[in-house]
Amino acid sequence: MQLEARNINKNGVILYEGPSLIDGAPIVVIATGLKKPSKNAKTADMVQTWILRKDIHPKYAVRSGDDVSICGECPHRMREHLEPDGSTKTLRTCYVNMRTPITVWSCYKRGGYAHATVEHVRTIRSRHVRLGSYGDPAAVPFGVWKLIKPAKDRHRTGYTHQWDWPGVDKRLKQLCMASADSEEERERAQSQGWRTFEVRPLGADAPERGFQCPSDPALDTHKSCEDCGACHGAPRGVKASPWIYAHGPSKKRVGLNILQ
């Protein structure tokens, strides 16, 4: 028992183990950053939540398409794209570097995380929280997010590409932004009562409405997600929504035509 206790990673806890709401496959949700702050300068010292296939290594889930259980039909999953020269290439345009999801999943498979206790939940609720640092919050029962939701709106951020999916829990509008990849998607999501977070291709003009995300690398000065907190959904109705230029390892690929 003492050996087990020493091997438990106190920086994270298991919040949920069960079926994905998207396709019923087994998934797990793990919160990290309880003891050590995230090294992500964009989000700063927020508790991170990782939505992972319970039974498949994240790298192989991405390659096989089994990440649909946690990402749904997100256009930034591994897809076949039409290149500017007319050729095709299979690639992933997600901004999430897979290094951390793999590290979290590996620790989980070693039995390195305990299940969350009441005290863990209190600690998370007292912090700033990112819902879905990897994976889509729509894959997880709403009750999980409600349980760890901080009292103040601006103490959380969350994004979902499943806003137009018929099976999405509409209560997510209270907590998450609708991820939009075009002006048409932005307008459609807002007409359905969502606030939006639009990712625009590099070099695109700024939209006529909304405001540029203050953490956008394209800006001269930056504000972390922890300090901003604007991406907390629409608990009081649709108001101004942020947008950002594509960022991350595949930023130059965002905006290419998806063939499938």
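With only Lys, Arg, Asp and Glu charged, each at its Cβ (+1 for the first two, -1 for the last two), find how big the charge dipole of the chain is about the Cα centre; round to the nearest 20 debye.
Dipole size: approximately 1100 debye.
Over all directions, what mean area does the Cα convex hull of region 61-135 project, stated in square nanometres?
Over every viewing direction, the Cα hull of region 61-135 projects on average to 6.9 nm².
Dipole of region 168-260, Cα-centred, from +1 at each Lys and Arg C-beta and -1 at each Asp and Glu C-beta, to the nearest 20 debye? Don't skip to the answer; put the middle values down first.
Numbers: 14 positive and 13 negative charges, 64 e Å.
The dipole of region 168-260 has a size of about 300 debye.
Using the Cα atoms of the chain to build a convex hull, what is its mean projected area in square nanometres? Numbers along the way, then the final one.
Working: hull surface 56.2 nm².
It is 14.0 nm².
Quick one: which residues, 5+ away or cross-chain, put their amide H under 5 Å from the amide H of A180? H built at 1.01 Å from N.
Under 5 Å from the amide H of A180 lie the amide H atoms of F197, E198, V199, each far enough along the sequence or on another chain.
Over region 122-260, how many percent of alpha carbon pairs lie in each 10 Å bin up to the one with the longest distance?
Cα pair-distance distribution for region 122-260, in percent: 12, 42, 36, 10, 0.
Can you give me the Cα centroid spacing of region 150-202 and region 61-112 in angstrom?
20 Å
Around L202, which amide H atoms from residues at least 5 apart in sequence, or from another chain, sit under 5 Å from its own amide H, with H modelled in the peptide plane?
Close amide H contacts, sequence-distant or interchain: A246.
Please give the calculated 222 nm ellipticity per residue for the chain, where each DSSP H segment of at least 4 residues contributes -39500 (n - 2.57) and the sum is spread over every residue; nearest 500 deg cm²/dmol?
Taking each H run of at least 4 residues, the total per residue is -5500 deg cm²/dmol.
Would you rank S20, S106 by solvent-accessible area, highest first, keeping every protein chain in place and using a 1.4 Å probe? Please list the in-between numbers first.
Numbers: S20 5, S106 35 Å².
Descending accessible area places them as S106, S20.
When the expected Rg is taken as 2.2 N^0.38 Å, what fraction or multiple of it is the alpha-carbon Rg of region 168-248?
So the Cα radius of gyration is 1.06 times the expected 2.2 N^0.38 Å.
Just need the Rg to Rh number for region 60-201, please, alpha carbons only, Kirkwood Rh.
A ratio of 1.00.
Mind grabbing the accessible area of Y16 for me, 1.4 Å probe, Å², rounded to tens?
Only protein atoms counted, so the area is about 40 Å².
What does the accessible area of V118 come to, in Å² to the nearest 10, when a probe of 1.4 Å is used?
100 Å²
Hey, can you rank 230-243, 170-183 by average C-beta count inside 10 Å, highest first?
170-183, 230-243
The values are calculated or read from the model by the stated rules, or taken from the named source; none is laboratory data. Quick caveat, the model's predicted, so the values are computed rather than measured. Here the Cβ is made from the backbone with ideal geometry for all residues, glycine too, and neighbour counts use every protein chain on show. Keep in mind that these areas ignore ligands, DNA and RNA; they rest on the heavy atoms of the full protein, side chains included. Shrake-Rupley method; radii C 1.70, N 1.55, O 1.52, S 1.80 Å.
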